[in-house]
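*Asks:* I am attaching a structure below and will ask some questions about it afterwards.
Bear in mind that the values in this text are calculations on the coordinates, not laboratory data. Here the structure is a predicted model, which means the values were calculated and not measured. Because the Cβ atoms are built from the backbone with ideal geometry, glycine has one as well, and the counts that use them run over all protein chains shown.
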Amino acid sequence: MSAKVDVLLGAQWGDEGKGKVVDVIAPEYDVIARFQGGPNAGHTLIFEGFKHVLHTIPSGVFREGTVNLVGNGVVIDPIIFLKEVKALEKIGVDVRRNLLISRRAHLILPTHRALDAASEAEKGKAKIGSTLKGIGPTYMDKTGRNGLRVGDLERSDLMDRFNALQRKHDRLLAMHDHQSDLREATQEWLDAAQQLRAMSLVDSEHYLDEALRAGKRVLAEGAQGTLLDIDFGTYPFVTSSNTISAGACTGLGVAPNRLGRVVGIFKAYSTRVGSGPFPTELHDEVGEHIRTAGHEFGSTTGRPRRCGWLDLPALHYAVMINGITELAMMKSDVLNHMGTVRICTAYKVDGRVTERLPYDITGNLEPVYEDMPGWGDLDVNNALPDSLQNYIARIEAAVGVPIKLVSLGPDRAETVHREAALVP
Ligand code: GDP
Ligand code: IMO
Ligand code: MG
C-alpha cells in the first residue's frame, strides 16, 4: 500500500507560521512540496540564531536529505527564484541538489508584475492590497490558456511563445494607460529562466506517484491561508489560487484518496495584511500592542499587518473546508501578560446570533466575544499554564479537532508537542 500525502496549510489569512512548523516537522518527511501560490508567500524560519525567509522554495530546504518540490500549482518568477537559490547557496546550503521543479508550473513574466500594478492602480481605494508579484495576472493567463510554463523553457520555440505573451501584455498595459520600460527586466528574466531550465525539472505527478509507492513520506506545504482562497476566502479580497487542502490535489497531481493528515496552522489571535473584511480587527492600543509584540509586519512586503482577536467561526470554517485533522497554535507568547484575552465565539448578523461564517462578512456583522483569563510568561521547559490550557480547550471544543502543537516563540526550539486530549 502506498503512503499518504499530509497537508499543512494556513487556517486564517496567511502568515500563521507555516514555515516554522514545516521546518520543525520536516525530519518526519522525505519530500516537502509547495502546491500553490508563488513569491507572494513569505515563510520565516528561525534556528541557531539565524532568520531565513523563503518565498518559492519549500521550507524543508534546511533539513539534510529532504527533497523539496515546487509543484505544478505554483507560479514561479525566475528572477526571484534565482535570488532565493543564490542567497541560500551563499550561506552554504546546497539547495540545487535536492530541489525539483514541476514542468507544469507557470512562469511569472515582468509584464505580469506590471499588469498587477496597473490593475491595483485602477481599482484605487478598492484595491486588493496585492503583494504586486504578478500572481493574479499569471493565474489569469493560466486559466485563460495563454500562460508560459517551466516546461516551455525546454522548447525550441520558447522565444516565439515569450514574445507572443509579452505582446498581449503590452496591449493590455496600453489599455490600462500603464507606462513601464521593462527591457532590462526582460533580459534579467531571460537569463534567470535559462538558469532555472538547468535545474532538476520533473513531471511532479509521476515523481510523487513513484515516491508514494516506495513508501516515501510527503508533506504538502500550503501558502497564504484558507480565508484568502479564491473560492472560499473573502472574495474579491483573496489571492488567485486554491489555498485549501483540495488545492494540494490539483497543485501536485495527487488524487484525493491519497491525502492523509491535514494540519491547520493558526495564530492565537488573527492578522490580515492587505484589504478586505476582518470582523475581529482591533483599531485600538490592544491591536497596536499585538502588532508590536508579535512583530506583525509582512515577511514579503514589510507592510504592517492588521491585528485582532481569534475568530472561532472562521477557524471552524477552515477546519470544515480543509478537513483539518489537527491544529497548531502559533504565537501564544504574543498574548503573554494581557490580563484578559478575548475570543470571538459567534457573530451577530442582523440581530441574530450565528456560529457560521456567512457569505458576506463585510456588512452588518458584529463579533460576539467571550473573555478568558490570560497568562504570564511561557517556557518550553515548563508545563503550559492552566489559563493557556483552558484557552486551548475552549478552541478545541468549538472546532472539534485537537491542537497538537503549541508555539511559544519564533525559534525552531520554542515548540511544544502536546498529547492532545480531543474535547468533542
Ligand atoms: P508563514 O507565512 O505562515 O510562514 O508565516 P510568516 O513567516 O509570514 O509569519 C510568521 C511570523 O511569526 C514570522 O516572523 C515567524 O518568525 C514568527 N513566529 C512563528 N511562530 C512564532 C511564535 O510562536 N511566537 C512568535 N513570537 N513568533 C513566531
Ligand atoms: P504566506 O504564504 C499573507 C494577501 C495580500 C493581498 C492578497 C492578494 O506568507 O502566508 P496577491 O499578491 O496574492 O495578489 O495578494 O493576499 N497575501 C498574503 N497575506 N500571507 C501571504 O502568504 C500572502 N500572500 C498574499 O496581502 O491581500
Ligand atoms: Mg508569510
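*Asks:* Evaluate the charge dipole of the range 1-47 about its Cα centre and quote only its size in Debye, nearest 20, assuming +1 on the Cβ of each Lys and Arg and -1 on the Cβ of each Asp and Glu.
*Replies:* 100
*Asks:* Among the listed pairs 83/267; 18/331; 20/404, which are separated by more than 20 Å between their Cα atoms? Spell out each step's value before the answer.
*Replies:* Working: 83/267 30 Å; 18/331 12 Å; 20/404 15 Å.
Listed pairs above 20 Å: 83/267.
*Asks:* Return 263, 399 ranked ascending by Cβ neighbour count within 10 Å, so the fewest neighbours appear first.
*Replies:* With the sparsest Cβ surroundings first, the list reads 399, 263.
*Asks:* Report the relative contact order of the chain, percent, no decimals, based on alpha-carbon pairs under 8 angstrom and at least 6 residues apart.
*Replies:* 20
*Asks:* Does the range 325-424 come out rounded, prolate or oblate by the C-alpha gyration tensor, with a ≥ b ≥ c the root eigenvalues, rounded set by a/c under 1.5 and, if not, prolate when a/b is larger than b/c and oblate if not?
*Replies:* Prolate is the answer for the range 325-424, as a/c is 1.5 or above and a/b outweighs b/c.
*Asks:* Same structure again: As a test of the formula, what do you get for the chain when each DSSP H run with n ≥ 4 contributes -39,500 (n - 2.57) and the sum is divided by the residue count, at 222 nm and rounded to the nearest 500 deg cm²/dmol?
*Replies:* So the calculated ellipticity at 222 nm is -9500 deg cm²/dmol.
*Asks:* While we're on this one: Who wins for biggest fluctuation among 134, 225, 276 in a Gaussian network model of the chain, springs between alpha carbons below 10 Å?
*Replies:* For the chain, modelled as a Gaussian network with Cα springs under 10 Å, the answer is 276.
*Asks:* If you filter the range 360-424 for GluC sites (Glu not before Pro), then keep DSSP loop positions with at most 10 other Cβ within 10 Å, what is left?
*Replies:* 419
*Asks:* Still on this model: Please give me the summed charge of the neighbours of residue 225: other residues whose Cβ is under 15 Å from its Cβ, Lys and Arg +1, Asp and Glu -1.
*Replies:* +1
*Asks:* Going by how many other Cβ atoms sit within 10 Å of their own, how do 332, 204, 119 line up, fewest first?
*Replies:* On the way: 332 22, 204 28, 119 19.
In order of increasing Cβ crowding within 10 Å: 119, 332, 204.
*Asks:* Related question: Would you work out the relative contact order for the range 340-424, in percent, from Cα pairs under 8 angstrom that are 6 or more residues apart?
*Replies:* It comes to 23 percent, rounded to a whole number.
*Asks:* To the nearest 0.05, what FRET efficiency results for residue 87 and residue 183 with a Förster distance of 35 Å applied to their C-beta separation?
*Replies:* That gives a FRET efficiency of 0.85.
*Asks:* Hey, fewest Cβ within 10 Å first, where do 47, 278 land in order?
*Replies:* Ascending Cβ contact count within 10 Å gives the list 47, 278.
*Asks:* Among 346, 114, 87, whose mean-square fluctuation peaks in a Gaussian network model of the chain (Cα, cutoff 10 Å)?
*Replies:* Comparing 346, 114, 87 in the GNM, the peak value goes to 87.
*Asks:* Say we join alpha carbon atoms closer than 10 Å with springs in a Gaussian network model of the chain; which of 131, 340, 226 then has the biggest fluctuation?
*Replies:* The residue that fluctuates most here is 340.
*Asks:* With +1 assigned to the C-beta of every Lys and Arg and -1 to the C-beta of every Asp and Glu, and no other charges, what is the dipole magnitude of the chain about the Cα centre in debye, to the nearest 20?
*Replies:* 940
*Asks:* Report for the range 22-147 the percent antiparallel among DSSP-assigned beta bridges with both residues inside it, nearest 5. Before the final figure, lay out each step's value.
*Replies:* Working: 5 of 15 bridges.
So the antiparallel bridges in the range 22-147 amount to around 35 percent.
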